[in-house]
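Let me begin by presenting the structure, written as structure tokens, before commenting on it.
The values are calculated or read from the model by the stated rules, or taken from the named source; none is laboratory data. Worth saying up front: this structure is predicted, and the values here are computed from it rather than measured. A quick note on method: Cβ atoms are made from the backbone with ideal geometry, for glycine too, and the neighbour counts reach across all protein chains shown.
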Amino acid sequence: MSAPSPRAPLPRGPRPIRVLVAKAGLDGHDRGAKVVAQALKDAGMEVVYTGLRQTPEMIVKAASEEDVDAIGISLLSGAHMTVFPRVLELLEEGGLSHVLLTGGGVIPEKDREALLASGVGMLFGPGTPTAELIDYIKREVALRRGRSK
Amino acid sequence: MSTTPRPPDAEAILRGDRRALGKGLTCMEAMDDEALRLLDALWERTGRARRVGITGPPGVGKSTLVSGLIRAYRALGRSVGVLAVDPSSTVTGGALLGDRHRLGAEAHDPRVFVRSFGTRGSTGGLSRAAPFALDLLDAAGFDVVLVETAGVGQTEIEVAATADSVAVVLSPESGDAVQAMKAGLLEIADVLCVNKADREGAAGLVEALEATLDLGAPAPWRPPVVATRGLEDATALFEALETHAEWLLEGGRLGERRRRGLGGRLKTLVRELLSERLLAGRDALLDARAAEAASKRRSLLDAARSTVEEILR
């Protein structure tokens with residue numbers, strides 16, 4: 001009999017991509033976040049949905065407990081230049097710099113570029129087809145998982 | 001086992017490092033070599049937490065009650081680890097894990113740790129992975145470890161049943177007492193909770209549950225039936241669970257229950273490990289026997305028996 005090892009574990013197969021979807025800021029428009037959450041789920045990802053009015057501290061606490069590959073923040077309130085850098089900073093402090101930080105909302109082009117240069121991932125504007133976001137997350141997470149091995 | 005120094009990630013988990021625990025739970029999810037290593041290092045630290053299971057049909061308000069329970073435990077200064085199990089899509093394998101959202105402010109408390117698991121299909125091994133995840137939360141030092149599952153599949157019900165005390169939550173909309181009996185929910189309940197008690201039919205459901213309990217043989221513990229209206233009086237559920245905890249502490253009942261639970265888990269694990277090893281590399285044999293049954297050369301039962309004989313020869 002050819003047994004693999006005397007204490008063979010019971011692996012469950014490859015891990016689905018896990019994404020935290022959060023709505024930051026004080027506005028109550030979470031439709032976009034919900035649409036994205038549903039689309040990512042339909043693409044085979046495990047989506048941890050945290051709901052409205054999340055602070056950067058809450059988002060990073062959740063990301064570490066849930067051990068996610070990516071964080072998607074929806075932001076319509078104009079606070080993107082404070083929220084994204086703060087989340088990035090907390091991720092680095094918490095040893096979570098492997099986590100992809102992405103998101104979307106109403107964010108001017110020049111702010112997007114500045115955030116991208118600072119280490120935030122791509123940010124998507126309203127009306128972006130969800131397929132674009134899904135492809136991006138799949139590509140980035142595959143890269144990052146490969147790197148951390 | 002305890003003679004070798006603990007690996008750094010196990011040490012980090014014991015120190016209360018959130019990220020290390022998050023990663024450790026991922027190992028439990030995967031049930032891989034890393035999981036084995038962590039469990040070996042931390043097994044001696046398990047058995048200290050009070051474990052509570054919450055299950056019931058979807059939509060009865062389990063998460064809201066869990067939120068209320070967390071509040072009650074936190075008010076007593078106890079730290080709480082939560083494992084929330086939600087169904088994965090059987091088609092895409094994806095899952096929307098929304099419990100964190102429903103737990104609200106409780107999830108942000110620094111002495112509360114919340115982890116969501118997707119069921120990842122019926123063969124995904126949730127029945128093994130989830131109890132080990134509870135072991136890890138226990139070893140990490142949480143005073144209370146809560147597991148919440150939707151009582152829709154046998155596996156989800158079994159996972160909740162590994163707890164020291166199990167609350168089954170129903171609501172007037174979730175069906176009658178007979179349906180709960182059929183689903184196997186009543187037999188695992190230490191506490192029965194009728195939530196959304198302000199809705200029509202709640203009093204009738206409480207009565208029906210009491211009547212169903214009357215029908216059963218007298219047991220040393222009769223599950224109390226409590227009525228709740230969400231967060232407002234989740235304390236009623238909390239108190240019923242605490243009464244059960246006190247009852248368990250008398251006469252070594254808790255130890256006995258845990259030994260039985262571990263015995264059951266051991267048997268399941270051994271069965272799975274055995275079949276995995278015995279069936280490794282036997283696909284051709286299985287295919288051949290299946291073809292014989294399909295072409296009516298043997299009955300299916302005869303095909304199964306002769307396959308076993310051949311494997312064990």
Note to self: Quick test for you: out of A:Arg139, A:Arg147, A:Arg86, pick the one residue that is among the basic types (Lys, Arg), over 17 Å from A:Ala37 (Cβ atoms) and surrounded by 13 or more Cβ atoms within 10 Å (Cβ to Cβ).
What the structure shows: A:Arg86
Item checked: Options B:Leu42, B:Leu65, B:Leu76; residue that is away from chain A (no Cβ under 13 Å), over 24 Å from B:Glu158 (Cα atoms) and of a type in the set (A, V, I, L, M, F, W, C) -> B:Leu76
Notebook entry, point to check: Which condition number in (1) farther than 30 Å from B:Arg229 by Cβ; (2) assigned to a loop (DSSP other than H, G, I, E, B) is the one that B:Gly77 fails?
Noted result: (1)
Note to self: For the range B:145-162, give me each residue that is hydrophobic (A, V, I, L, M, F, W, C), touching a strand residue (DSSP E or B) at 6+ places or on another chain (Cβ under 8 Å) and surrounded by fewer than 24 Cβ atoms within 10 Å (Cβ to Cβ).
What the structure shows: B:Ala150, B:Ile157, B:Ala161
Margin query: Suppose we keep only residues that are assigned to a loop (DSSP other than H, G, I, E, B) and either of a type outside the set (A, V, I, L, M) or within 13 Å of chain B (Cβ to nearest Cβ) (or both) within the range A:59-76. Which one would you say is surrounded by the fewest Cβ atoms within 10 Å (Cβ to Cβ)?
Written below: A:Asp67
Note to self: So the check is Cβ under 7 Å with 6+ separation or different chains; which pairs have a first residue in the range B:286-313 that's surrounded by 11 or more Cβ atoms within 10 Å (Cβ to Cβ) and a second one that's of a type in the set (Lys, Arg)?
What the structure shows: B:Glu292/B:Arg298; B:Ala303/B:Arg289; B:Ser306/B:Arg289; B:Thr307/B:Arg289; B:Ile311/B:Arg282
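For (1) on the phi > 0 side of the Ramachandran plot; (2) in contact with a helix residue (DSSP H, G or I) (Cβ under 7 Å, 6 or more places away or on another chain); (3) more than 9 Å from chain A (Cβ to nearest Cβ), each residue gets a yes or a no:
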| residue | (1), (2), (3) |
| --- | --- |
| B:Pro87 | no, no, yes |
| B:Val114 | no, yes, no |
| B:Leu134 | no, no, yes |
| B:Ala140 | no, yes, yes |
Next item on the list: Hey, could you check the range B:145-186 for residues that are hydroxyl-bearing (Ser, Thr, Tyr) and assigned to a loop (DSSP other than H, G, I, E, B) and say which is modelled with the lowest pLDDT?
Entry: B:Thr162
Note to self: Within the range A:109-121, does at least one residue satisfy the condition of being touching a residue at least 12 places away in the same chain (Cβ under 8 Å) and within 21 Å of B:Leu96 (Cβ to Cβ)?
What the structure shows: no
Next item on the list: From (1) at pLDDT 95 or above; (2) closer than 26 Å to B:Asp176 by Cα, pick out the condition that doesn't hold for B:Leu213.
Entry: (1)
Check: Restricting attention to the range B:214-232, which residues are without any contact (Cβ under 8 Å) to a residue 24 or more places away in the chain and either outside any loop (DSSP other than H, G, I, E, B) or under 20 Å from B:Ile54 (Cβ atoms) (or both)?
Finding: B:Asp214, B:Leu215, B:Arg222, B:Glu232
Margin query: I'm trying to understand the selection: among the residues of the range B:76-90, which are under 22 Å from B:Asp190 (Cβ atoms) and surrounded by fewer than 20 Cβ atoms within 10 Å (Cβ to Cβ)?
Written below: B:Leu76, B:Arg78
